[in-house]
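What follows is a short report on a single structure.
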């Protein structure tokens, strides 16, 4: 498969837009989450002191009476504790969608900063590699196309068709192409002759000048070897070759190798952008799981503790966060 310059440019533009979007999404997610955490912690700090006066004023020394009197305060404290806990929970779907849009964003949302860095760095490296290899492909394409423009001639190719092509034809006819005609007329006459009955070789028509297929075919198929300027000339005409697939000029082989390098660069660019897409999906799945793990790390408990000569209900909220 041949990748064109336009394909690499389109992928590069999309990748740049995606990278720019990533900064905004990550910053917004982090800011919103930090605000939520501050509000939750503030609610937790407010909840605990409200119960202490009630506990101290109702203690009688009778266990059943004291426990009964403290239950409403415990329930109220526990309810506020649950509210704080719920406010800190993360939504797995939100985390997954954030990471699908921008790898690492969902991990920032769940405070898994090391994993967020891994996914985001992979995104940046993938986009940078895709753009870099795309540019290398463009540069190499410009080089081999410029070389072809200087060293391959449709007139010389047509001259061979006029002189010796009959031996490869089923009707034993040479071409009658006007070598002085304009480019459009010359191409039309060449293509008309190429459509004739062939018994060997000449399986393709010469594409129009400047097309991607034009630059590919003149360095890919042996029938176009006659147009290269290093193909031998005898008595003012391209030499009569010994066989269709023989006497291939080294110039054609070198040109084909350079064109192959350009295709390799484009293939590497396409692979890099494909890995970028894979990174989005992997980050999305991991973001979803990271949110579930984060929520599983939230726990709360209540206990009675003696402070001075008083017993008070104490609530604890524990958060366990991984990488």
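What follows draws every value from the coordinates through simple rules; no lab data is involved. Keep in mind that this is a model prediction, so the values were computed, not measured. With ideal geometry, Cβ positions are generated from the backbone for all residues, glycine too; neighbour counts draw on all protein chains shown.
Expected output is a single nm value to one decimal: the length gained when fully extending between residue 132 and residue 91, i.e. 0.36 nm times separation in residues minus the C-alpha distance. What is it?
Roughly 11.0 nm would be gained on extension.
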- Provide 183, 169, 259 in ascending order of the number of other Cβ atoms located within 10 Å of each residue's Cβ, fewest first. 183, 169, 259
- Item | Overall dimensions of region 115-230 by Cα: Rg and Dmax, Å | 20.7, 71
- Query: In percent, what relative contact order does region 205-267 have, based on Cα pairs under 8 Å that are 6 or more apart in sequence?
  - Reply: 27 percent
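Can you put 88, 161 in order of Cβ neighbours within 10 angstrom, beginning with the fewest?
88, 161
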- Message: If packing is taken as the average number of other Cβ atoms within 10 Å across a peptide's residues, how do 194-202, 264-272 rank, most packed first?
- Response: 264-272, 194-202
- Task: In nm, give the distance between the simple-model label positions of residue 296 and residue 254, each being 7 Å from the Cα along the Cα-to-Cβ direction.
- Result: 6.4 nm
- Task: Pop the C-beta distance of residue 183 and residue 289 into the FRET formula with R0 = 56 Å and round what comes out to the nearest 0.05.
- Result: 0.35
